[in-house]
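What follows is a set of notes on a single structure, which appears directly below.
The values are calculated or read from the model by the stated rules, or taken from the named source; none is laboratory data. Not measured: the values here are computed from a predicted model. Neighbour counts are summed over all protein chains in view; Cβ atoms, including those assigned to glycine, are modelled from backbone coordinates with ideal geometry.
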Amino acid sequence: MVHVGSVCHQKRMANFDWLPSLPVLLAYSAAVFLIAITPGPDMALFISRTLAGGRRAGFAAMFGAVSGLVIHALLAAFGLSALLAASTTAFSIVKIAGAFYLLWLALGAIRHGSSFNVAVQPQETRPLKRDFLVGLGINLTNPKVVMFFVTFLPQFVDAGDASASARLLFLGLWFLAIGMPVSAAIIFMADRFTALMQNSPRLMRSFDYGFAALMVAFAVRLVLAR
């Protein structure tokens, strides 16, 4: 005779079968954290607005960028899950193309270095809505953001995953859950962080090589993923 409590426990567990395993979530979180602290256009925007208009301006730009990333996460999650349901072959083609894109990002990081370049501007006052829209626009109109979500998320789902859309959406939002505190901390330390980055070329190169190594690792994992 099956115990009623055991059945209820199994049902509750089944409701969360879209959650990644703990080892996968830890590996994903570590990768997202490394990506979040790697200098890029978004980080440069947050810092430049903070230095020019104060922390409120920096956070307005950050929330605008986050809103754009939420939209990209939703589109990537449901678009990829629809592709997975329609054709595993097409999904495999996307993953192979994504692997080459990640390798291209790695090569670019080694050849050209980080795109962190903050010009310290005089203090200015302008509507926070404008800073929000700038952050939103940078992400919504950036095809690299779309490509990143399309190449980063597929390696964490299986071809037969019945909960692909929920899993992809969770991973996309988890990306934001880790990235937002990192961005907030950088905004609070904008002056010190900018000085550290601009006066430490070796540190900048370490970010480049770390990012490149991460992209190569995920490209290999993407090719080998089921």
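One residue stands out among those in the range 133-165 that are modelled with pLDDT under 75, surrounded by 17 or more Cβ atoms within 10 Å (Cβ to Cβ) and assigned to a loop (DSSP other than H, G, I, E, B): the one that is nearest to the chain's Cα centre (by Cα), which is V157.
Counting only residues that are within 20 Å of G54 (Cβ to Cβ), small (G, A, S) and modelled with pLDDT under 80, the range 169-226 holds 1 of them. For the range 78-86, check the following and say yes or no: at least one residue is polar (S, T, N, Q) and either modelled with pLDDT under 85 or within 15 Å of M180 (Cα to Cα) (or both). Yes, that holds for at least one residue. Just for the range 181-226: of the residues that are charged (D, E, K, R) and under 21 Å from the mean Cα position of the chain (by Cα), which one is nearest to S87 (Cα to Cα)? My answer is R221.
Those residues that are of a type in the set (A, V, I, L, M, F, W, C) and buried (at least 19 other Cβ atoms within 10 Å of the Cβ), I need them from the range 187-211; list them, please. Those that are of a type in the set (A, V, I, L, M, F, W, C) and buried (at least 19 other Cβ atoms within 10 Å of the Cβ): I187, A190, F193, M197, F207, F211. Here the condition is being surrounded by fewer than 18 Cβ atoms within 10 Å (Cβ to Cβ) and either at pLDDT 80 or above or not aliphatic (A, V, I, L, M) (or both); of L69, L45, L74, L51, it holds for L74 alone.
What residue, among those in the range 118-132 that are touching a helix residue (DSSP H, G or I) at 6+ places or on another chain (Cβ under 6 Å) and either polar (S, T, N, Q) or not in a loop (DSSP other than H, G, I, E, B) (or both), is modelled with the lowest pLDDT? Per the stated criteria, the residue is Q121.
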